[in-house]
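J.: Below is the structure I would like to discuss, written out as structure tokens.
The values are calculated or read from the model by the stated rules, or taken from the named source; none is laboratory data. Since the model is a prediction, treat every value here as computed from it, not as a measurement. Cβ atoms come from the backbone with ideal geometry, glycine included; neighbour counts cover every protein chain shown. To get the accessible areas, we keep the full protein, side chains included, count just its heavy atoms, and leave off ligands, DNA and RNA. Shrake-Rupley method; radii C 1.70, N 1.55, O 1.52, S 1.80 Å.
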Amino acid sequence: MTLSVVLLIAAMAAAAVLIGFYLRRRYRRSKRVDDEWQALAVMGELCPYGWQVHINLYGWGAPVPDDAPPSRTPLVELEWEQFDEEPGRIAVARPVWAPTIAQALQAMVEDRRTDLTLEQIEEVAAREEDVWWND
């Protein structure tokens, strides 16, 4: 009796470890984007029909737009656009603010990854005809 309980506990512990490895691997955070070359590669994969970026650097005391977040240091505004299947048509256009260019590039990539995740959720919900939020 005791041996069977110990074996059951060992089997459950092994199953928990395997599930933990699976979940960790599945939800592993993506590598950070550190420079423009990595941003080019990652955004090229995330935006199959093309994308474009405008970077604005604001120096000390420079007037910033009204939508800029409060900051004690000069800001970087990165405005990115994702193109649609139809040539020249913009599907998404969004600004991102950050203290450095590298952080702005990372924020842009995270923003696009979030869009993709939401698109996948919407596709699954549409397939399951569980779109109660559209009512």
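J.: Is region 32-46 home to any residue that is among the basic types (Lys, Arg), at pLDDT below 90 and surrounded by 10 or more Cβ atoms within 10 Å (Cβ to Cβ)?
T.: Scanning region 32-46, I find at least one residue that is among the basic types (Lys, Arg), at pLDDT below 90 and surrounded by 10 or more Cβ atoms within 10 Å (Cβ to Cβ), so the answer is yes.
J.: Also: Checking residue 74 against (1) outside any loop (DSSP other than H, G, I, E, B); (2) open to solvent by less than 60 Å² (accessible area, probe 1.4 Å): exactly one of these is not met. Which one?
T.: (1)
J.: Is it the case that region 81-96 has a residue that's at pLDDT 90 or above, surrounded by 15 or more Cβ atoms within 10 Å (Cβ to Cβ), farther than 22 Å from residue 117 by Cβ and not aromatic (Phe, Trp, Tyr)?
T.: No, the conditions are met nowhere in region 81-96.
J.: Can I ask one more? Taking the criterion of being part of a loop (DSSP other than H, G, I, E, B) and hydroxyl-bearing (Ser, Thr, Tyr), would at least one residue in region 114-122 satisfy it?
T.: Here is the first cut: in region 114-122, the ones part of a loop (DSSP other than H, G, I, E, B) are none.
Looking through region 114-122, none of the residues is part of a loop (DSSP other than H, G, I, E, B) and hydroxyl-bearing (Ser, Thr, Tyr).
J.: To continue, here is another question. For region 55-62, state whether one or more residues are part of a strand (DSSP E or B) and either open to solvent by 80 Å² or more (accessible area, probe 1.4 Å) or of a type in the set (A, V, I, L, M) (or both).
T.: Our first condition is that a residue be part of a strand (DSSP E or B); within region 55-62, this holds for 55-57.
Filter again for either open to solvent by 80 Å² or more (accessible area, probe 1.4 Å) or of a type in the set (A, V, I, L, M) (or both), leaving 55, 57.
Yes, region 55-62 contains a residue that is part of a strand (DSSP E or B) and either open to solvent by 80 Å² or more (accessible area, probe 1.4 Å) or of a type in the set (A, V, I, L, M) (or both).
J.: Here is a follow-up. Listed residues 27, 58; which is among the hydroxyl-bearing types (Ser, Thr, Tyr) and at pLDDT 85 or above? Give the derivation first.
T.: Working: 27 fails: at pLDDT 85 or above.
On inspection, the qualifying residue turns out to be 58.
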